[in-house]
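Working notes, beginning with the structure itself.
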Amino acid sequence: MKDIAVARVILVIDDDANVRRSVRQVLKIAGWSVEQAIDGEAGLRLIEHRLTPYALVITHLQMPQIDGRLVAETLGQCRRGQAVLCMSGSAAECPPVGPHATAFPILAKPFTQQALHQAVEHAIGRVALERQDHVGETWEATRDLVAHARALRGR
């Protein structure tokens with residue numbers, strides 16, 4: 001088992017620039033560094049090129065092409081120690097998907113700053129032990145996460 005350092009960086013994936021900007025502002029005030037992606041494909045590309053996991057990936061569920069469900073499922077299969085938080089207009093939108101799916105926490109929109117902070121801490125805390133057990137072994141493998149997500153979408 002490897003000890004992988006997790007940077008204090010959160011990735012926000014949402015096709016709505018206003019949502020990305022608002023979430024970024026709240027998280028920066030709380031001391032987080034924040035990177036942003038305009039859709040699931042751009043987010044998965046950023047994840048592919050990181051040498052260490054993000055502290056958290058926050059993804060909106062409904063986006064064109066590679067949506068938040070596919071991002072979450074892809075990370076659940078290929079980056080098992082990556083903490084994920086889904087955002088949605090309805091909490092009922094995010095049932096587990098696929099045969100290897102993991103149920104990820106959901107933050108219903110609209111949300112308060114306090115709800116965002118609580119959801120971030122919960123999502124990060126729930127994978128801490130799993131991250132210690134799995135990230136070292138899975139993070140070393142270079143994998144085309146976008147191709148994996150497209151294959152999941154096409155099934």
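The values are calculated or read from the model by the stated rules, or taken from the named source; none is laboratory data. Keep in mind that what you see is a predicted model, and the values were worked out from it rather than measured. With ideal geometry, Cβ positions are generated from the backbone for all residues, glycine too; neighbour counts draw on all protein chains shown. What goes into the accessible areas is simple: the full protein's heavy atoms, side chains included, and nothing from ligands, DNA or RNA. Shrake-Rupley method; radii C 1.70, N 1.55, O 1.52, S 1.80 Å.
Somewhere in the range 125-132, is a residue surrounded by 14 or more Cβ atoms within 10 Å (Cβ to Cβ) and either modelled with pLDDT of 85 or more or over 30 Å from Ile29 (Cβ atoms) (or both)? Before the answer, list the steps.
At the first step, the residues of the range 125-132 found to be surrounded by 14 or more Cβ atoms within 10 Å (Cβ to Cβ) are 126-127, 130-132.
Those still in the list that are either modelled with pLDDT of 85 or more or over 30 Å from Ile29 (Cβ atoms) (or both) too: none.
No: the range 125-132 contains no residue that is surrounded by 14 or more Cβ atoms within 10 Å (Cβ to Cβ) and either modelled with pLDDT of 85 or more or over 30 Å from Ile29 (Cβ atoms) (or both).
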| request: Could you tell me which residue of the range 43-68 is most open to solvent (accessible area, probe 1.4 Å), considering only residues that are in contact with a Gly (Cβ under 9 Å, 6 or more places away or on another chain) and part of a loop (DSSP other than H, G, I, E, B)? | output: Gln65
| Restricting attention to the range 78-100, does a residue exist that is surrounded by fewer than 16 Cβ atoms within 10 Å (Cβ to Cβ), of a type in the set (S, T, N, Q), within 23 Å of Leu27 (Cα to Cα) and modelled with pLDDT under 80? | yes
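Residues that are of a type in the set (A, V, I, L, M, F, W, C) and at pLDDT below 75: does the range 101-114 have at least one?
Filtering the range 101-114 down to residues of a type in the set (A, V, I, L, M, F, W, C) leaves 101, 103-104, 106-108, 111.
Applying the additional criterion that residues be at pLDDT below 75 yields 101, 103.
Checked the range 101-114: at least one residue is of a type in the set (A, V, I, L, M, F, W, C) and at pLDDT below 75.
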| said: I'd like to know if the range 20-33 contains one or more residues that are touching a residue at least 12 places away in the same chain (Cβ under 8 Å), open to solvent by 50 Å² or more (accessible area, probe 1.4 Å), farther than 23 Å from Arg126 by Cα and assigned to a helix (DSSP H, G or I). | reply: no
